[in-house]
Amino acid sequence: MVLVAVFGVALLIAVLLSGLAARTVLSTTFLFLAGGALVSDGFLGLIHITPDSPIVSVTADLALFAVLFTDGMHVAFPKLRAHWKNPARALGLGMPLAFAGMALLTHYLVGLDWTTSFLVGAVLAPTDPVFASAIVGRKEVPSRLRQLLNVESGINDGLALPVVLVLIAAASTGAHAPVDGSAIALELALGLGFGIVGPLLVSQLVRLRLLGAEPKLQPLLPLAVGVVLYAACHLTHANPYLAAFSAGAVLAHVSPQAKEAFEPLGEALAELAKFAALLVFGALLTPSLFAGLSFGGYVAVVLAIVLIRPASLLLSIIGTDFSRREKLTAAWFGPKGFASVVYGLLVLQAGLPQGEEAFTLIAVCIAFSIVAHSSTDVPIARMFRVDDLVGIPDPPKEAIALVGREQPVAGPDRRAD
């Protein structure tokens, strides 16, 4: 119950500060990370969470399913077909380059074996611009830049997942049984199959005359699909994460109305799941964890953020018509996203021979990335002469006048969203 109380307090503070965070270097993501660390055994000792605590695996599992389900709904097939080249470059070239570059750093600077090094690279390859919302959430930032970051982050979580699972199995061969490739393939195939067939079947049922949801219950239809899918995957050992991502994409394609009705509820549930997992993840960020990373590990973390991601994306978009400013912005905003948080927990739970060393590197890199990217998104967005965050209204002019801060408004720079 203490954990519930801590989460409630953290959620209240995050909501109250979210408007301020949208315009400043403050980050709600960082609040939950810091809050989890503050109340953990490393500081106040209010909650006691260890890597083998059931809450870690349960929270990670549910959170990743919810996030991938909503991420899948952001994959618009018509837009993707029309504007696929730049995201395809980022996913087909930039992501593998980042994956390989991080693996090299991990092996030579941290000393992990090649399999575990590539696992670390796969875990840290996905990006999540949700942690840099001042870029993707502002209308005046060039749409093609926002589209590139949105599509890249929406798809790369799902692309990285099979690689992570295969490498976890491969890295565990020294302590457990040999890798069963057929079992992994069956798990992934079942997950993909459930994710495709489930929404298609539901869309056909909705078309029957005697069936159909009344307006106030329509948002619950995709939620019901997700709950059934989650249970079915765990009962049959199908991969729930691949099922979640594919189901979200298919459902949005075959039933746009269901997607539109579910979107507000889905985004809220995904945010709650993210915050809960981030709080748990933050509780694992103890002083002893940071002390356990070698000097070479910290060098690898810094290079991963300032070199590997920027260089890999810049190489992937050579020859495109992006301006220099757009290229540099896209290259910098590759935060280690929420999927990396959960994949890191999967690595920790797998009991790998070098799992603790890998998790330490992953955790520190995610923490550094969240701080670096969430504190620079607003200043960089200002370079595009953006004043207002989408969905966050300006303070009333009357309130501004009361404190003597009202300034003359002139010129085309003050545009309403």
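Applying the condition of being of a type in the set (S, T, N, Q) and touching a Pro at 6+ places or on another chain (Cβ under 9 Å) to the range 334-369 and asking which residue is farthest from Asn156 (Cα to Cα) yields Gln349.
For the range 335-365, which residues satisfy the criterion of being open to solvent by 10 Å² or more (accessible area, probe 1.4 Å) and either touching a Cys at 6+ places or on another chain (Cβ under 8 Å) or closer than 19 Å to Thr70 by Cβ (or both)? Of everything in the range 335-365, just one residue is open to solvent by 10 Å² or more (accessible area, probe 1.4 Å) and either touching a Cys at 6+ places or on another chain (Cβ under 8 Å) or closer than 19 Å to Thr70 by Cβ (or both), namely Lys336.
Can you spot a residue in the range 106-128 that is at pLDDT 90 or above, part of a helix (DSSP H, G or I) and touching a strand residue (DSSP E or B) at 6+ places or on another chain (Cβ under 6 Å)? Yes. Of everything listed in (1) farther than 23 Å from Ala171 by Cβ; (2) open to solvent by 10 Å² or more (accessible area, probe 1.4 Å); (3) of a type outside the set (A, V, I, L, M), the single unmet condition for Gly282 is (2).
Residues of the range 237-254 being of a type in the set (A, V, I, L, M), closer than 15 Å to Leu186 by Cβ and touching a Phe, Trp or Tyr at 6+ places or on another chain (Cβ under 8 Å), which ones? Steps first, please.
We begin by selecting, within the range 237-254, every residue of a type in the set (A, V, I, L, M); these are 238, 242-244, 247, 249-252, 254.
The next check asks that each one be closer than 15 Å to Leu186 by Cβ; those that pass are 238, 242-243.
Those that are of a type in the set (A, V, I, L, M), closer than 15 Å to Leu186 by Cβ and touching a Phe, Trp or Tyr at 6+ places or on another chain (Cβ under 8 Å): Ala238, Ala243.
Taken over the range 188-224, residues that are crowded, with 17+ Cβ neighbours inside 10 Å, farther than 16 Å from Ala249 by Cα and in contact with a Ser or Thr (Cβ under 9 Å, 6 or more places away or on another chain) amount to 1.
The residues in the range 33-71 that are in contact with a Gly (Cβ under 8 Å, 6 or more places away or on another chain), among the charged types (D, E, K, R) and either under 13 Å from Ala283 (Cβ atoms) or part of a loop (DSSP other than H, G, I, E, B) (or both) can be counted, and the count is 0. Number of residues in the range 244-263 that are more than 15 Å from Val202 (Cα to Cα) and surrounded by fewer than 14 Cβ atoms within 10 Å (Cβ to Cβ): the value is 1.
For residues that are open to solvent by 60 Å² or more (accessible area, probe 1.4 Å) and farther than 12 Å from Ser246 by Cα, tally how many sit in the range 56-76.
Within the range 56-76, the subset open to solvent by 60 Å² or more (accessible area, probe 1.4 Å) is 58, 62, 74.
Next cut, farther than 12 Å from Ser246 by Cα only: 58, 62.
Of the residues in the range 56-76, 2 are open to solvent by 60 Å² or more (accessible area, probe 1.4 Å) and farther than 12 Å from Ser246 by Cα.
In the range 225-243, of all residues being of a type in the set (Gly, Ala, Ser) and under 23 Å from the mean Cα position of the chain (by Cα), the one that is surrounded by the fewest Cβ atoms within 10 Å (Cβ to Cβ) corresponds to Ala231.
Going by what's in this entry, would Leu269 be described as open to solvent by 60 Å² or more (accessible area, probe 1.4 Å), touching a residue at least 24 places away in the same chain (Cβ under 8 Å) and either small (Gly, Ala, Ser) or over 21 Å from Ala367 (Cβ atoms) (or both)? Let's see the steps before the verdict.
On the way: open to solvent by 60 Å² or more (accessible area, probe 1.4 Å): yes; touching a residue at least 24 places away in the same chain (Cβ under 8 Å): yes; either small (Gly, Ala, Ser) or over 21 Å from Ala367 (Cβ atoms) (or both): yes.
For Leu269, the condition - open to solvent by 60 Å² or more (accessible area, probe 1.4 Å), touching a residue at least 24 places away in the same chain (Cβ under 8 Å) and either small (Gly, Ala, Ser) or over 21 Å from Ala367 (Cβ atoms) (or both) - is met.
The listed residues are Met95, Met102, Met73, and the only one of them that is under 20 Å from Gly121 (Cβ atoms) and out of contact with any strand residue (DSSP E or B) (no Cβ under 9 Å at 6 or more places or on another chain) turns out to be Met102.
Output the number of the condition that Phe290 fails; it satisfies all remaining conditions of (1) in contact with a helix residue (DSSP H, G or I) (Cβ under 6 Å, 6 or more places away or on another chain); (2) modelled with pLDDT of 90 or more. (1) is the only condition that Phe290 fails. For the residues Ala14, Ala5, the requirement of being open to solvent by less than 40 Å² (accessible area, probe 1.4 Å), hydrophobic (A, V, I, L, M, F, W, C) and modelled with pLDDT of 75 or more singles out Ala14.
The values are calculated or read from the model by the stated rules, or taken from the named source; none is laboratory data. Fair warning: this is a prediction, and the values are worked out from it, not measured in the lab. As a convention, Cβ positions derive from the backbone with ideal geometry for all residues, glycine included, and neighbour counts pool all protein chains shown. Just the protein is used for accessible areas: all its heavy atoms, side chains included, with ligands, DNA and RNA removed. Shrake-Rupley method; radii C 1.70, N 1.55, O 1.52, S 1.80 Å.
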